[in-house]
Every structure is written in structure tokens, then in C-alpha cells.
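Novice: Starting off with a structure, shown below.
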Amino acid sequence: MNNNRNYQFYYYQIYGLTLRTNQPLAVVASLNEATDVYDVSIHLARTWEESPMPLPPSAWQPSPKHPLLKTATLDEGTYLLLSFIGDEQAYAEFVINPSGEQVWMAVGEGANQRFVDSLLLGIVLGCILRIRGVTCLHGNVVIVENQGIAILGAKGAGKSTTTAALLQHGMRLLADDVATLSEQKNTFLVQPGYPGLRLHEDVATQLYGSYKHLEVLTPKPEIWPAKRNLYLSNAQELFLKIPVYLAAIYILEKRNPNLQSVSIEPVSLTTGLFYLMQNTYVDWMLNQTEQKNELQLLSRLVSKVPVRRVYRPDNLAMLPQLCEAIINDAHTTPLSYSKS
């Protein structure tokens, strides 16, 4: 609850959560009005010493779950520390309390704010959603005929590339990198993320003629992979802010230089379940009981939402054909559940 009226706070909605921050975020528009009801409170400071961190640096122990993760267990539960260190000036560290209701951030002067925000609204909120029992797919969601289709694939498969190309074909973005799943009766909803995509420079050049007009997202490309930010805040017709039904899931297979055309094939329930288990977000957060519950949810998901495998050449010039194939398939895919 917001009991201190002497401080300036900013409020945001993303992935179905209401956030309160002590400083504005660069990649998402704030709510027009303050609210006394919010899900997560975020405290941002420029150094660890300046931030009201609940624990000192000496309290943390490395975690075997993830190379960037440290943990500290107290009576109230386990705190998480995620560290992204480029050098002494370019760093971002995030502490999450056991309930997922508070986040403390320490951000170096050399860190790009949009990059830091993308970490906060990506892996950090992904951890918070997991703490709150929300299953997320690691993929993008675009809108076709007022319904969502998820674009999944292994790292480097081209999820953001395909998504950006679909936007050029008249689709709208719902979420980048984090596709939340909300089961409601016989339906699954996905929640809106934020209006931005992270693109490699060669992809930006192929799609937009040049990457020069897109902001550099990573401040030190020699440390973090060089990406450009496609920010859609000034093109709201390309971004949808309301949850939608998930109508289909497309798995991008590895690009194949021997192929000359794009093809899309349905998969069996068993194969679809296998693919989804490989493409959940921050699955390393889960214990055995949570893994079992997630397997049951994903089993229900593949029984209601069709899963497709997408095969394509290793050629960016084939992006228009790829988009047309996905859009045509989505238009002809019957929904296997009722929204009633």
C-alpha cells in the first residue's frame, strides 16, 4: 500500500501486474493516475550503497540454478540476487524479496536505461511471475485476427526477427520474450508486455534499410551482444495493451541453408508438449512440485491450442514468405476450444 504521499511514484501495468517505481521506466508508458493497490514495488538507486538493499553483499551465496543468480535464505524465505556486470560502470543488480512483492535495483552510471529496463521487465519480472505461480513461455506474441499467436524457438532461432517482420505485415505486438499463460475455463489468455523489440543490426538493416535510426540497447557490445531497440511507443497501432486468447503456437526450427521455401507442419500432442517444456521462461526457478504442476498445465495447453513447427531457409530475404506462411496458417487454424 502507498502510505507515503511525500514521494513521487510511477505506476505501470505489464504481464497482468501493477508496478510501482520510485523512478520512471524508459520502455513503457506509465498509468495516468496513481493507485494505492499494486503488486510489485521497485526501488531504484545508482549504487548498492545508495539503495535500501535489505541485505549486505556478504549475505549472498552463488546458486547452482543459474550463473547470474545468488540467494540468501532468512526466516521469511529466500531472497534472489540477479547480477549483470559489464564493468565497474556498466552493471545492473536486482534483489527480489521472497514474496515477489519488492525489487531493489542498483544500476551503474554506464548502463543503458532501456537495457536495464528490459532486464527488469524480462528476467526479473519472469522470476516474480514464477514466484506468483504464473507459467510463462519464452517467446513473443503477436496479434492475428484479434487473437494471439506465440512465436517460440531456441536461442538465436529468430523470434524477434520473425516478430518484427510480422509487424511489417500488419500484425500487432503483444509481448516480447515473455508470454504469460492464464488458464480460464477452457481458454488460455496471454497478457500484454511492453512496446519494444530487441533486434540484431543485420536484421534491422534487412527490415528497415538501416539500423542507424534505432537506439543502441547494449552499451558495451564487446561484453553484451550488440542489439538495437525497436521502440513502439510512438506507434501504438503496432502494440496491443489488453490480454488476448492464445490461438496457436509456432516453433521456429533452426534455419536450413538447404531449403528453398517455407513450410509449416502440425505436431502431435506429445511432441507439442515436449517443445513447450523446452521453451518455458526461467524454468530453473521451479521445484519438483512446481515442475509437476507446470507439466499438467502444459498438457492442457497443447490439448486446446495447436502447435506448429516452422521450417525456413537461412535467408533474411525470405522473411516475407515466412510471414505470409504463418499468417495464412493462423487464418485457417480452427480453435480447439470454446471461449464461452
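Nothing in this text is a laboratory measurement; each read-out follows from the coordinates by a stated rule. Here the structure is a predicted model, which is why all the values come from computation and not from measurement. As a convention, Cβ positions derive from the backbone with ideal geometry for all residues, glycine included, and neighbour counts pool all protein chains shown.
Novice: Can you compute 3J(HN,Hα) from phi for each residue in the stretch 60-73, using the Karplus curve 6.51 cos²θ - 1.76 cosθ + 1.60 with θ = phi - 60°, rounded to whole Hz and x for Gly and Pro?
Specialist: 9, 10, x, 10, x, 6, 7, x, 9, 9, 10, 9, 9, 9
Novice: Please report M318, M105, M171, M277 as a ranked list, fewest other C-beta atoms within 10 angstrom at the top and most at the bottom.
Specialist: Working: M318 18, M105 24, M171 21, M277 14.
If I rank by nearby Cβ atoms, fewest first, I get M277, M318, M171, M105.
Novice: Follow-up question, since we're still on this one. What does the highest-first list of 185-193, 115-123, 280-288, 173-181 look like by mean Cβ count within 10 Å?
Specialist: On the way: 185-193: 19.6, 115-123: 22.3, 280-288: 16.2, 173-181: 26.0.
Going by the mean number of other Cβ atoms within 10 Å, highest first, we get 173-181, 115-123, 185-193, 280-288.
Novice: Let me ask you something else. What is the Å³ per residue value for the convex hull set by the Cα atoms of the stretch 138-193? Don't skip to the end; give the middle numbers.
Specialist: Numbers: hull volume 4.0 nm³, N = 56.
Cα convex hull per residue, to the nearest whole number: 72 Å³.
Novice: Quick one: which residues, 5 or more positions from R308 or on another chain, have an amide H under 5 Å from its amide H? H modelled 1.01 Å from N in the peptide plane, none for Pro or chain starts.
Specialist: Result for R308 returns I249, Y250, I251.
Novice: Pairs to check: K159/K241; K65/K304; K185/K304; K159/K254; K155/K292; K159/K292. Give those whose C-alpha atoms are more than 22 Å from each other in this structure. Before the final figure, lay out the partial values.
Specialist: Numbers: K159/K241 20 Å; K65/K304 31 Å; K185/K304 11 Å; K159/K254 11 Å; K155/K292 25 Å; K159/K292 27 Å.
Over 22 Å Cα-Cα: K65/K304; K155/K292; K159/K292.
Novice: Continuing with this model, one more query. Taking θ as phi - 60°, what are the ³J(HN,Hα) couplings along the stretch 119-131 by the Karplus curve (6.51, -1.76, 1.60), each to the nearest whole Hz, with x for Gly and Pro?
Specialist: 5, 4, 7, x, 5, 5, 5, x, 5, 5, 4, 5, 4
Novice: Taking the number of other C-beta atoms within 10 Å as the exposure measure, put Y91, Y10 in order starting with the fewest.
Specialist: Working: Y91 19, Y10 16.
Ascending number of Cβ neighbours within 10 Å: Y10, Y91.
Novice: Given H placed 1.01 Å from N in the peptide plane, which residues other than close sequence neighbours of S41 have an amide H under 5 Å from its amide H?
Specialist: Here the answer is R20, Q102, V103, since their amide H atoms fall under 5 Å of that of S41.
Novice: In addition: Under the rule of at least 5 residues apart or a separate chain, name every residue whose amide H is placed under 5 Å from the amide H of T187.
Specialist: none
Novice: Going through the stretch 80-189, which GluC sites (Glu not before Pro) have at most 12 other Cβ atoms within 10 Å and a DSSP loop state? Display every interim value, and only then the final one.
Specialist: Numbers: sites: E88, E93, E101, E109, E145, E183; in loops: E88, E101, E109, E145.
Those satisfying the criteria are E88, E109, E145.
Novice: For the stretch 10-131, what is the charge dipole size about the Cα centre, in debye to the nearest 20, if Lys and Arg each add +1 at the Cβ and Asp and Glu each add -1 at the Cβ?
Specialist: Numbers: 6 positive and 13 negative charges, 73 e Å.
The dipole magnitude comes to about 360 debye.
Novice: Any idea how far the Cα center of the stretch 128-156 sits from the one of the stretch 20-83, in Å?
Specialist: 23
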